[in-house]
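Participant: Can you read through this structure? Questions will come right after.
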Amino acid sequence: MSEALLSVAHLSAVSTRDGNAPVLRDVSLRVARGEVHGLVGESGAGKSTIAKAILGILPGGIRITQGTIMLGGRDLLTLEAHERRRLLGAEVALIPQDPLTALNPARRIGAQLTDGLRLWRGVSARAAETRALALLNDVQMREPARVMRAYPHELSGGMRQRVLIAAAFALDPKLVIADEPTTALDTTVQKQILRLIRAMQERHGTSVIFVTHNLGVVAQICDRATLLYMGKVMEQGATRELIEAPHHPYTQALMAACPRYDRPGQELEPIPDAVLAACRAEVIAFDRAGASHG
Amino acid sequence: MAEVALNHDAAVAAGPPKHRRRGAARALLAQPKVVFAGGFILFLILLALIAPLIAPHDPLDQDLLSGTLPPAGFTGAQASYWLGTDDLGRDVLSRLIYGTRVALTVAFVAAAAAALLGTVLGLFAGFYGGAVDAIVSRLVEIWMAFPPVLLSILIVAIMGSGVTSVIVAIAIIDWTRFARVVRAETMAQAKADYVVAARVLGFGRLAILFREILPNVAPVLLALVTLEMGIAVIVEAILSFVGLSVSSDTPTWGGMIAQGRQIIYQAWWVFAAPLAALFATVLAFNQLGDGLRRALDPVMQR
Amino acid sequence: MAEALIDARAVVVAYTARRQFLSTAAPARPVLHGVYLTIARGETVGIVGESGSGKTTLGRALIGLLRPVSGSIHFDGSEITDRTEAAMRPLRRRMQMIFQDPMSSLNPRRTIGRTLMAPLLLHGLVDDHAAARRRVEKTLERVGLPANVLARYPHELSGGQRQRVGIARAVVLEPDFVLADEIVSGLDVSTQAQVLKLLGELKREMNLSMALISHDLSVVRAVCDRVYVLSQGRVVEQGRCDLVFDHPQDAYTRTLLDAIPLPVIDPTWLDRQAPGAAT
């Protein structure tokens, strides 16, 4: 069995601004090379927190209390700031959620695309530009040369997201974290972007962590997934198992609450209180056990 | 993005409602800048009100034998003149105290007048748009093209010197500041869904303007009013510096600065004292405004 | 067949830029090109489309917030297309709206109580303040909110609670028609299900007619009787939900349906183009 590219082990975190309320509870997951791993959960479940912990951009109020994040044999949580910057710039990249705010409105696309290349690979301006053009081609951008000279506001949402995808893959990172990259896009554009991410991932052999609350997206694009609730892993495994034969009642309830256009007039069932109560009990039991250990 | 949003529901449902007024007062007093600035302004108001009782000397009382005495602590100072005297032997401290009367009167009344005029015009321009906005905006643009100092001199020249003329001058000149800001804020708020919601519920336009939009413009307005108070104090000082404010008998800080400038080498304290008072007052108004806005705005209370 | 509650015919809406004094008016951009739509009593109609399709505009025209350039809209037999605000007032009580973002649709500087009681007092549905309060408390209970919410400000509530307040506001006047504009976009699956379930219950209890605007076809299928598919200001397909979703006729509708990832394992989905669709 090949060693995992990224290995999160027993990660726990608290929110100092809420009296040290736990936000992550003993989360463990492994991402293999070339795997697309879904980080699923409702808002507040902790999936963004984990992504930010990997990237080292946790907000000030969140403190990690235990656990390791191993990437390439090193624990990301114990790196010095400059080491982490080097690692993150070149080995881990982010496709952010909102293409509108993620691009600097005052700089041309070309400049923003070549930033990383020139900083981390030390390539010349000319070489960086060539590479950027090639990337724009890879993401199926029409008229890449024109886009290079354009400003973000001149592009549509879908085009901006393609630019961000190109930027993420520019340095050939080992791991790309996609933070709900299709939420802000139109339905038809969403499918194109998903297809693109998968294509780029296959071409570069990159691993992807896909943060989403949409089980449909998980089913279609992820190899494996981790489902979170209140900062705790409820179920984890191959997507096929999660979708077709979920074990955990929370997973089952979540699947039942998803509206589907291919099913006639259904009564959407919110997650039953019994299931939520059971999940909360699980979480509370976990908290108590942790507390008794001190 | 609240990572603990799931716990929030339970907490909100269980907790008792906060007491609005007590919360605001507590928030006010919790900020040191509000306490100091507010305290200072209250102190000035007190001084202005009881000036005759508290000033050690009559501010108009000239005593040429006691001219240009330095403030306490310097050689040659006299015990009864804490901040020294000017070249005519008048007590600087007393004149300073009496000066607060003019300064504060102008500050409060002129700022309120400018705010009232500018806010009403700004609200209507921002909300109704079209011809109303066009007229008000052109008016603001034309008005702001006039040099303010010349305009105020003109007004005072027409109306004669006195506190009223100064107040009118400031209000007539500075309303544009309020109109522009209130108009912009109104336009921004008017786009919000809660305004649409009010329309859908059946509220009339005037009702929406004053019941829905004005409370949301109020925080910006409050900050601007306290800023304007500081400006009014300075404008009054400028006007009395050039002799266009109240009659030269009544002591004003600006007048004192003007006199002090001429004898600055012999008696620097005559110049420095009112300047320091001016500085402290304007600073206090600004800090108070900032603190008030933070404390009274329920949205910012979080 | 009973007359439709809402009947829109050949509605054309165009936006003009805010006119400046002494400048020529910018040319009007048509947003809706002749839309026909009906909603019967007690019926829930879905209006779907992507951004720029005109669905939001159509919704606002139906509820009398926009004036169409041409065409007509009738509510319960009376024409509302050209009414002044004053003439609309009596009808406003009967047609209400729930907004997408409850944070921006609730006045941040008003307590929930004042926000909910004000319309009751405006329309004279209650005699006094105390009666208004009682009525609001009942409505809050119906939407599953505790009474202590009355004294709170919007920012003190969670997103789900704010959305319920928005629903409460829409039904407190007991209208005949409710427009729900993207009310579940951006909500979690479970919150979405709760909101939609609540809406369904209220609809049945109060015999409401509803128009649900959404870009999410799955949501529309779950709650609507009929659906209108909009693209670039035109209705490209319409009909009963089961017919449209199981047998879509229009190429755009097929593309839209195909683009939705379903929670099923389907290895062909990603690379598949909709049959007969333009790229």
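Participant: Listing B:228, A:269, C:182 from the residue with the fewest other Cβ atoms within 10 Å to the one with the most, what is the order?
Facilitator: Sorted ascending by nearby Cβ count, the order is A:269, C:182, B:228.
Participant: Suppose every Lys and Arg Cβ carries +1 and every Asp and Glu Cβ carries -1, with no other charges. What dipole size does the protein assembly as shown come out with about its Cα centre, to the nearest 20 debye?
Facilitator: 460 debye
Participant: In peptide C:213-225, how many Cβ atoms from other protein chains are near each Cβ within 10 Å, on average?
Facilitator: 4
Participant: Taking a temperature of 37 °C and a viscosity of 0.692 mPa s, what whole-number D in µm²/s does Stokes-Einstein yield for the protein assembly as shown with Rh from Kirkwood over alpha carbon pairs?
Facilitator: Answer from the Stokes-Einstein relation: 103 µm²/s.
Participant: Still on this model: Which whole number gives the average, over all residues in C:190-203, of C-beta atoms from other chains lying within 10 Å of the residue C-beta?
Facilitator: Counting other chains' Cβ atoms within 10 Å and averaging over C:190-203 gives 4.
Participant: With only Lys, Arg, Asp and Glu charged, each at its Cβ (+1 for the first two, -1 for the last two), find how big the charge dipole of the range A:6-293 is about the Cα centre; round to the nearest 20 debye.
Facilitator: Using only the charged Cβ atoms, the result is roughly 1080 debye.
Participant: Roughly what would the spin-label model give for residue B:247 and residue C:125, points 7 Å off Cα along C-beta, in nm?
Facilitator: 6.6 nm
Participant: Restrict the search to the range A:208-275; then list the GluC sites (Glu not before Pro) that DSSP places in a loop and that have at most 12 other Cβ atoms within 10 Å of their Cβ.
Facilitator: Qualifying residues, ordered by number: A:267.
Participant: Which whole DSSP H helices in chain B pass both tests: a Cα extent of 20 Å or more along the axis and a mean Kyte-Doolittle value no lower than 1.6?
Facilitator: Both cut-offs are met by B:32-49, B:92-128, B:214-241.
Participant: Rounded to the nearest 20 Debye, what is the dipole magnitude of chain C about its Cα centre when Lys and Arg each give +1 and Asp and Glu each give -1 at the C-beta?
Facilitator: 1060 debye
Participant: Arrange A:222, A:258 by Cβ neighbour counts within 10 Å, fewest through most, would you?
Facilitator: Arranged by neighbour count, lowest to highest, A:222, A:258 become A:258, A:222.
Participant: Using a 10 angstrom cutoff on alpha carbons, build the Gaussian network for chain B and name the most mobile of B:179, B:111, B:276.
Facilitator: Result for chain B, Cα springs under 10 Å: B:276 fluctuates most.
Participant: Amide H of residue A:228: which non-local residues (sequence gap of 5 or more, or other chain) have their own amide H closer than 5 Å, using H built in the peptide plane?
Facilitator: The list, which skips near neighbours in sequence, is A:40, A:41, A:234.
Participant: Each label point is 7 Å from the Cα along the Cα-to-Cβ direction; what then is the distance between the points at residue B:68 and residue A:80, in nm?
Facilitator: Here the modelled spin labels are 6.6 nm apart.
Participant: Give the average, rounded to an integer, of partner chain Cβ atoms located within 10 angstrom of each Cβ in A:247-259.
Facilitator: 3
Participant: For the range A:6-293, rounded, prolate or oblate, judged on the Cα gyration tensor with a ≥ b ≥ c (square roots of eigenvalues), a/c < 1.5 rounded, else prolate if a/b > b/c?
Facilitator: oblate
Participant: Shifting gears a bit: Considering the options B:151, C:230, A:233, tell which one lies farthest towards the positive end of the dipole of the protein assembly as shown, charges being +1 on Lys and Arg and -1 on Asp and Glu at the Cβ, about the Cα centre.
Facilitator: It is B:151, whose Cα lies furthest towards the positive end.
Participant: Can you list the HN-Hα couplings for the range A:140-148, worked out from phi with the Karplus curve (6.51, -1.76, 1.60; θ = phi - 60°), rounded to whole Hz and with x for Gly and Pro?
Facilitator: 6, 8, 6, 6, x, 5, 5, 5, 4
Participant: Listing B:87, B:249, A:138, A:262 from the residue with the fewest other Cβ atoms within 10 Å to the one with the most, what is the order?
Facilitator: Ascending number of Cβ neighbours within 10 Å: B:249, A:262, B:87, A:138.
Participant: If you don't mind, another one. Could you tell me which of C:68, C:148, C:48 has its Cα farthest along the dipole of chain C towards the positive end, charges placed at Cβ (Lys, Arg +1; Asp, Glu -1), taken about the Cα centre?
Facilitator: After comparing all options, I get C:148.
Participant: Apply the a/c threshold of 1.5 to the C-alpha gyration tensor of chain C and tell me whether it is rounded, prolate or oblate.
Facilitator: oblate
Participant: Using θ = phi - 60° and the Karplus curve 6.51 cos²θ - 1.76 cosθ + 1.60, what whole-Hz ³J(HN,Hα) does each residue of the range A:233-244 get, with Gly and Pro shown as x?
Facilitator: Those phi angles translate into 6, 8, 8, 8, x, 5, 4, 4, 5, 4, 7, 8 Hz.
Participant: Now for a separate question. Of B:106, B:195, B:156, which is the most mobile in a GNM of chain B whose springs link Cα atoms less than 10 angstrom apart?
Facilitator: B:195
Participant: Picking from B:49, B:272, B:190, whose Cα lies most toward the positive end of the charge dipole for the range B:28-296 (charges on Cβ: Lys, Arg +1; Asp, Glu -1)?
Facilitator: Working it through, the farthest residue towards the positive pole turns out to be B:190.
Taken together, the values in this text are just the output of simple stated rules run on the coordinates, not laboratory data. Quick caveat: nothing in here was measured; it's all calculated off a predicted structure. Don't worry about glycine lacking a Cβ; one is built from the backbone with ideal geometry, like all the others, and counts go over all protein chains shown.
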